[in-house]
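The values are calculated or read from the model by the stated rules, or taken from the named source; none is laboratory data. In this text, all values refer to a predicted model and were calculated from it rather than measured experimentally. Cβ sites come from the backbone with ideal geometry, for glycine too, and all protein chains shown count toward neighbours. Accessible surface areas use protein heavy atoms only, side chains included; no ligands, DNA or RNA. Shrake-Rupley method; radii C 1.70, N 1.55, O 1.52, S 1.80 Å.
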Amino acid sequence: MSQRLSILIGILAVMPLTPVMGQSRKPVAKAAAKTAANPPAVPKTPWGDPDLQGVWNDSTSTPLQRPGAIGTKDVLSDAEAAEFQEQLAGDLSRDRRDGVGTEADVGRAYNEHWMDARHLKITADRRTSLIVDPPDGRIPPLVPLPPERAKARAARAAALERFNAGLPDSYRDATLPVRCIIRTDSPPYLPIVYNNDFHIFQSPGYVVIAPEMIHSARVIPLDGSPHIGKNLHQWLGDARGHWEGNTLVVETTNFRTDDGVVFQGANPDTFRITERFTRIDATTINYEFTVEDPQTWTKPWTAIVPWNKIDPGEQMYEYACHEDNYDIVHFLSGARARDKGAGTK
């Protein structure tokens, strides 16, 4: 990742964006995380908090949901893991040119040279999914949408179809990632094909998480102060943290209600997410999150993503997002020309 260029962002235009916030914590599957019989002492900051600082990478090919062909197996043997990783690496490789038609080829966009090589490797604990609860490793079934949400989702889908066809009516037809507003900087943090680094800073009373992708930093107070007023909403929500032993627990509320702000189109008004950051050893943090939204899923669900410390010789560079800073002018010029043409008929 260290020297990857940051100009390759077009493929993210359709990626799902955010997650949800916690309730009482449920036990996770037996193979959920990397653990040790005698865990090493966790390093501390000069003021005594567990030290999470550094640059961490969450890249992996282990899928969020367990593939149907795996069945109920949650952890693989060494031989099964090698086969599973080979299959996933083949499926994810952008060097493949075996697709039917030009769309498959264009969809792969840039080749593997530009990707984070770590995205082709499964997790060290050989899990078959990042989801650890429910035990089947799958996102719970969806709740039927009420009419107003169904209407809003249909409108969003129509807008995306117009944009992907190169015929938007408005700049708002573009997704939030294309407009460089939020991307993988909004929780939960899930691996993608590149730009999977996170820089954690700490000071007395605060933890700051700066993702490589996009331009934001989550400033998380640890002082026990209440969340901001319910009528105030932010792109990344309002985060509050506290320590439970060596684990940083972060609860986030007050997300903006714009479509696409929270994970998989969940309802921002009822969406909740609780994140847990646990330093396992010198090179690993377990990032665990639980999401819930009774208006989107039938029950809460939990995933664990290992974060691995990057090589000291690597560097996380500034990320500059310029999607459609120029093309939006052409898109909208065409839209206004279409408006004039329609008015003359």
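Under a GNM of the chain (C-alpha, springs under 10 Å), which listed residue has the highest mean-square fluctuation: ARG66, ARG108, ARG97? Ranking ARG66, ARG108, ARG97 by mean-square fluctuation puts ARG97 first. Using a probe radius of 1.4 angstrom, the carbon and sulfur fraction of the accessible surface of region 200-345 is 53%. The apolar share of the surface of region 88-160, taken as the fraction of accessible area on carbon and sulfur atoms (1.4 Å probe, ligands and nucleic acids excluded), comes to 62 percent.
Rolling a 1.4 Å probe across the protein heavy atoms gives region 238-293 an accessible surface of 30 Å² per residue. Label sites at GLU80 and TRP114, each approximated as a point 7 angstrom past Cα along Cα to Cβ, lie 3.7 nm apart.
Taking one quarter of the surface of the C-alpha convex hull of region 51-171 gives a mean projected area of 12.5 nm². Rounded, prolate or oblate: which one fits region 107-222, using the alpha carbon gyration tensor with axes a ≥ b ≥ c (rounded when a/c is under 1.5, else prolate when a/b beats b/c, else oblate)? In terms of gyration-tensor shape, rounded. Take region 106-219 with all the other protein chains still there, run a 1.4 Å probe, and you get 44 Å² of accessible area per residue. Hey, of (i) 16.5; (ii) 20.4; (iii) 18.8, which did the structure itself give for mean projected area of the Cα convex hull in nm² when calculated? Evaluating mean projected area of the Cα convex hull in nm² on these atoms matches (ii).
Would you please name the GluC sites (Glu not before Pro) within region 277-336 that are DSSP coil residues with at most 14 other C-beta atoms within 10 Å of their C-beta?
GLU314, GLU318
Put simply, region 151-294 fits an ellipsoid with semi-axes of 30, 18, 13 Å; these come from the alpha carbon gyration tensor as the roots of five times its eigenvalues, largest first.
Just the projected area, averaged over all directions, of the convex hull on the alpha carbon atoms of region 266-337: how many nm²?
Mean orientational projected area (region 266-337, Cα hull): 9.1 nm².
The chymotrypsin sites (Phe, Trp or Tyr not before Pro) of region 279-345 that DSSP puts in a loop, and whose beta carbon has at most 10 other beta carbons within 10 Å, are TYR326.
Cα extents for region 90-153 along the principal axes, largest to smallest and rounded to whole angstrom: 43, 36, 20.
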